[in-house]
Amino acid sequence: MVAAEHSRLHLLPQTNQLKGLMTIIRDIKTPRGDFVFYSDRVIRLLIEEGLNYLPVVDKVVTTPMGVPFHGVAFEGRICGVSIMRAGESMEQGLRDVCTSVRIGKVLIQRDERTAQAKLYYSKLPKDISDRWVLLLDPMLATGGSAIKCIEALLEAGVREERILFVNLVCAPEGALAMLELFPKLQIITAEIDEGVDEQKFILPGLGDFGDRYFGTED
């Protein structure tokens, strides 16, 4: 199956605005300040889109005109979980739209020679099993790190259908691997790239997101 056609892989609307933002952050010449600013704009769009997949219930309110309005209210509680370190760049975007949201952290490192992921650290909200989880990581290559993180969430009691993986750029092989392994998972992304190279880096990609965002490039 072509990744872009998968029913549980949700692309942001491919507008000229989004394409312009992605062009800026993909450009090797973009200075760090601009990279952070425009990445944050895309992250905000992604978080807002992710919230669309939370359940709602009907709700009627009264407007200042004394007229009832038939709307909806979100049902259930949420939290964020960032995959360190790059995923931490997406935390503020979540806080901007969800006040006092709880955010857990997971550290998973990949052996650059074998591309195998290993869980090193996990700190999650105590009641995470009762929440919907927005899993945050800007880049999805092979899916190894994200898969390891989802396994940790499932072990903590999170229901698979309550996990929303939110990221900026994904490789099709990584996205399809995750969706096949977790048949109730939803992925929200800004763009789907061509694939990965022999070193398992995304192409055309945008480089090391964490280094560019946090200013730790060599």
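Just how large is the dipole of region 113-216 about the Cα centre, in debye to the nearest 20, putting +1 at every Lys and Arg Cβ and -1 at every Asp and Glu Cβ? Magnitude of the dipole: close to 460 debye. Rounded, prolate or oblate: which one fits region 21-123, using the alpha carbon gyration tensor with axes a ≥ b ≥ c (rounded when a/c is under 1.5, else prolate when a/b beats b/c, else oblate)? It is oblate, given that a/c is not under 1.5 and a/b is not larger than b/c.
Per DSSP helix of 4 or more residues, -39500 (n - 2.57); summed, then divided by the residues of the chain. What does that give at 222 nm, rounded to the nearest 500? Walk me through the numbers before you get to the answer.
Working: 6 runs with 66 residues, N = 218.
Roughly -9000 deg cm²/dmol at 222 nm, from the helical runs in the chain.
For the chain, the longest principal axis of the Cα atoms and the long axis of helix 32-51 meet at an angle of about 50 degrees.
Against the main long axis of the alpha-carbon atoms of the chain, helix 16-26 sits at an angle near 40°.
Relative to the dominant Cα principal axis of the chain, helix 144-155 is inclined by about 40°. Lysines near residue 148 by alpha-carbon distance under 17 Å, same-chain residues fewer than 8 away left out - which ones? Hits, sequence-local ones excluded: 105, 118, 123, 184, 200. Dipole magnitude for the chain: computed about the Cα centre from +1 point charges on Lys and Arg Cβ and -1 point charges on Asp and Glu Cβ, it is near 640 debye. Pick the calculated semi-axes √(5λ) of the Cα gyration tensor in Å for this structure from (1) 29, 21, 17; (2) 27, 23, 21; (3) 31, 22, 15? The value computed from this structure is option (1).
Packing here is the average count of other Cβ atoms within 10 Å per residue, and on that basis the peptides 70-79, 172-181, highest first, run 172-181, 70-79.
Out of region 106-189, which trypsin sites (Lys or Arg not before Pro) are coil in DSSP terms and have no more than 14 other C-beta atoms within 10 Å? Walk me through the numbers on the way to the answer.
Numbers: sites: 110, 113, 118, 123, 126, 131, 148, 159, 162, 184; in loops: 113, 126, 159, 184.
Loop-located and lightly packed - 113, 126, 159, 184.
Report the Cα centroid-to-centroid distance between region 139-166 and region 13-67 in angstrom, as an integer. Value for the Cα centre distance between the two parts: 22 Å.
Expressed to the nearest 5 percent, the antiparallel share of DSSP beta bridges inside the chain is 35 percent. Along the positive direction of the dipole of the chain (beta-carbon charges: Lys, Arg +1; Asp, Glu -1; about the Cα centre), which of 181, 28, 152 reaches farthest? It is 152.
No lab work stands behind these numbers, since they all come straight from the coordinates. Keep in mind it's a predicted model, so treat the numbers as computed, not measured. Ideal geometry is used to build each Cβ from the backbone, glycine not excepted, and the neighbour counts take in all protein chains shown.
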